[in-house]
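Derivation of every value follows stated rules applied to the coordinates shown; laboratory data play no part. Fair warning: this is a prediction, and the values are worked out from it, not measured in the lab. FYI the Cβ positions are ideal-geometry reconstructions off the backbone, even for glycines, and counts take in every protein chain you see.
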Protein chains: 2
Amino acid sequence: MKILNVDQLLSEQIRHTPPSFIRNILNTAADPEIISFAGGLPNPATFPEEALLASMERIVCTYKSRVFQYSVTAGLPELREAVALRYRQKFGLNIGSDHVLITTGSQQALDLLSKVLLNPGDGVIIEKPSYLGALQAFSQYRPVFHPVELTEDGMDPNRLEDALRYPVKFLYAIPDFQNPTGLSYSAQNREKLRELLSDKNLVLVEDDPYGELRFEGSRLPYIGAGRLPGSVLLGTFSKTVTPGMRVGYLICENKELIRHLSVAKEASDLHTNIFAQYLIWDYLQHNDYEAHIASVTALYKRQAQAMTDAIDRYFPPSVKSTRPRGGMFLWITLPKGISALSLFTSALEKKVAFVPGDPFYIDERDVNAMRLNYSNADCPVIEEGIRRLGELLWEKIEGTKAAGRMRTFPSYPF
Amino acid sequence: MKILNVDQLLSEQIRHTPPSFIRNILNTAADPEIISFAGGLPNPATFPEEALLASMERIVCTYKSRVFQYSVTAGLPELREAVALRYRQKFGLNIGSDHVLITTGSQQALDLLSKVLLNPGDGVIIEKPSYLGALQAFSQYRPVFHPVELTEDGMDPNRLEDALRYPVKFLYAIPDFQNPTGLSYSAQNREKLRELLSDKNLVLVEDDPYGELRFEGSRLPYIGAGRLPGSVLLGTFSKTVTPGMRVGYLICENKELIRHLSVAKEASDLHTNIFAQYLIWDYLQHNDYEAHIASVTALYKRQAQAMTDAIDRYFPPSVKSTRPRGGMFLWITLPKGISALSLFTSALEKKVAFVPGDPFYIDERDVNAMRLNYSNADCPVIEEGIRRLGELLWEKIEGTKAAGRMRTFPSYPF
């Protein structure tokens, strides 16, 4: 045999894992001519580069070889305690460092939870639409998805009740500034969900990468964390400090479950980069993290405003948009029957990119929706990108040139 | 329901994943009173701390936010090319950067290969004994293991032929300075194995974390890399630069297979820490890597010598040891019927630690062998640790006090 027949060798799990849009998105975002609202990148201006460099110098000088050596699977004890302390003090959770497992980004937490919980055919409840990276991670383990419609208030409780009639291993939700929609769950919705889940033997995975990035309204309690025995809370430093370091964590009060997650982590990558863990920990010790988060949030507020203003100005009225109160994304709904995916190539020709809705759904195609990211472009660039996109939408939806349409709105400032 | 019934929720794969000895090993190694030959830690004195700090300062100043941002799954193109270049120039492989996938340590490569190739019940050929971290990674995917006896020359070809009669997805081997035995495959054995595998549709995973650490003899060609279509070669910077950064790689000339491995990686952790990738790449550009490896190897040669000398001096003659020509480990075989595991607690009482043979085997218990690591202790400490272990072995095996026995060897230098 001179060539390898790979198809004969592949596992069922990899056959069921869709190659993600994310890679293409990042490739697209790499072309400097294209204004990309497609990625999920934090604004690089928010990375505390000088402070991080100072921390690097400090930890290398102080801890020497320890920041370069193999380490323990659960994570740097100091960082686990710093995470626990913050959730005790700021979010009122009664947890210790034993309840914290450091992960190689939140993406790894999604993989580990699936690995530990899912047999092929097991039920998983997800939001509809849901984060594509989570769908990809879960898909590897061939579950049966039960998508529950996401409304302006959160998961539709009636649909959730229906989904809960199936045997389900876990429910995955992003209650604050959801990816892809930017929507958040209301206080009533959270309470209703908690009630519905309270007598179920399942894990509630609350993914909270964006909760800190609130620029409007006040923080609402977690659905499960500190309240439901099957709660697993995911957090990350990717959106507030640096994503490139791949430092996330999961918080789980159930010792048996966290022990299994640790075994799965050990088998997956032994431990998360220990230098990165020292770095984040040292950064937290020597900087005003809350003030830093406030500055990130203030920036994203301006960027979100720039995008929604530009949408009002340039998009046809038949196109609807969510109005996020935090986070990095908003969600555009086109008139029924208009596939966002079908617009993607034309958009690239106009040098603007977005994520068509399709990859956020299970088995739905030509969805009339798209995700826009506003965190990774300056306000004038956001305006220009939305102008280009508006031009396309007017042409494709209304069959009319946006330029002509625009002239009727002279009162808008440029 | 007030408590979570975790047992009802666990997947079959996690039920089949043994909690590894590695964690306990690292815990043991953390007690400063114990001389630990148990871990697989590089000597921290070999970490080029100053050069790495200089690289950190350079890459933060030069590439700024790019070292902190999200990045592409396959890895930093510059690092992939640097790896490919080295394997072209130094090892004669005809590969490009497209054939290189950066992984979060080699452990992740083991997980990804299993994820992509293994359905429950699929065959995997392993060495007997084999690396415990690999057994743990593979076990997650519930294969049927076909262990093939490892001899002084490599895998026993006759036993391999038997194993190849089963349907097998991949063969996993560490041909140089194997973990746990320290043994290397002879040139003839490599050729024989290549011949046996040449007409088989399977993947040959050649794990090569230690090949650079040769202190005796000359390098032998890879079994599969550049020669067999199903070859996957694993490498890492963990043993030559720093393990804490978790930067490994796999080399695979089959584009279809590497594409699937990339999808699996994306679903597992999006990408490996990009700062760490820039760091290793910059380090390679600005330092004499070959000279650094030579200095690591010279150190390990002295340490290996110290350990084998001390074994000759302090162990009963009925105890056999391999004589590694590189790498970080050697393998002790006790007389038949003596369980190394049964000695572990007594060894800890004497403040010395090793890894009993059991976790390197599938379903064998009370193995009469142990792994000793010599890379992470200075020569006088190695001598003292082996002296303590020898004392224990004399007591348990020969029923005699080592101290008395020792006095009959006055010619050995102390």
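Would you mind giving the mean number of other chain beta-carbons within 10 Å of the Cβ of each residue in B:98-111, as a whole number? Walk me through the numbers before you get to the answer.
Values: counts 0, 0, 0, 0, 0, 1, 10, 7, 2, 6, 6, 1, 3, 6.
Mean inter-chain Cβ contacts per residue within 10 Å come to 3.
Taking one equal scatterer on every alpha-carbon of segment A:49-286, how large is log10 of I(q)/I(0) by Debye at q = 0.08, 0.09, 0.14 1/Å?
The Debye formula, applied to the Cα set alone, gives -0.29, -0.37, -0.89.
Given the -39500 (n - 2.57) contribution per DSSP H run of 4+ residues, what per-residue ellipticity at 222 nm results for chain B, rounded to the nearest 500 deg cm²/dmol?
For chain B, the value works out to -12500 deg cm²/dmol.
Considering Cα pairs under 8 angstrom that are at least six residues apart, work out the relative contact order of chain B and quote it in whole percent.
Once normalised by length, the contact order is 21 percent.
Rounded to whole Hz and in sequence order, give me ³J(HN,Hα) for segment A:34-49 from the Karplus expression 6.51 cos²θ - 1.76 cosθ + 1.60, θ = phi - 60°, writing x for Gly and Pro.
8, 7, 9, 9, 8, x, x, 7, x, 5, x, 5, 7, 6, x, 4
Mind jotting down the distance between the C-alpha centroids of segment B:70-109 and segment A:274-335, whole Å?
Here the two parts' Cα centres lie 34 Å apart.
Based on the alpha-carbon gyration tensor of the protein assembly as shown and its eigenvalue square roots a ≥ b ≥ c, which shape applies: rounded if a/c is under 1.5, prolate if not and a/b is larger than b/c, or oblate?
Note, shape of the protein assembly as shown comes out prolate.
What are the distances, in nm and sorted shortest first, from the label point of B:Ser218 to the label points of the same position in each other copy, with each label point placed 7 Å from Cα along the Cα-to-Cβ direction?
Ordered by distance, the counterparts are at 7.7 nm.
Taking B:Lys90 as the anchor, which lysines have their alpha carbon closer than 19 Å to its alpha carbon, excluding any fewer than eight residues away along the same chain?
Answer for B:Lys90, where 19 Å is the Cα cut-off: B:Lys239, listed by chain and number.
Just tell me how shielded B:255-268 is by partners: mean number of partner chain Cβ atoms within 10 Å of each residue's Cβ, no decimals.
The per-residue average across the peptide is 6.
Please arrange A:Lys192, A:Lys336 by counting, for each residue, the other beta carbons lying within 10 Å of its beta carbon, fewest first.
Sorted ascending by nearby Cβ count, the order is A:Lys336, A:Lys192.
Within 10 Å of each Cβ in peptide B:36-44, how many partner chain Cβ atoms are there on average? Round it to a whole number, please.
Mean partner-chain Cβ count within 10 Å for B:36-44: 2.
Classify segment A:262-414 as rounded, prolate or oblate from the Cα gyration tensor: take a ≥ b ≥ c as the square roots of its eigenvalues, call it rounded if a/c is under 1.5, otherwise prolate when a/b beats b/c and oblate if not.
Oblate, because a/c is 1.5 or more while a/b does not exceed b/c.
Sort segment B:170-302 into rounded, prolate or oblate with this rule: let a ≥ b ≥ c be the square roots of the eigenvalues of the Cα gyration tensor; rounded if a/c is under 1.5, and if a/c is not under 1.5, prolate when a/b is larger than b/c, oblate otherwise.
It is oblate, given that a/c is not under 1.5 and a/b is not larger than b/c.
Under a Cβ-Cβ cut-off of 11 Å, what is the net charge of the residues other than A:Ser342 that fall near it, where Lys and Arg count +1 and Asp and Glu count -1?
Summing Lys/Arg as +1 and Asp/Glu as -1 gives 0.
How do A:Thr236, A:Thr103 line up, fewest other C-beta atoms within 10 Å first? The partial results should precede the final answer.
On the way: A:Thr236 23, A:Thr103 28.
Placing the least packed residue first, the sequence is A:Thr236, A:Thr103.
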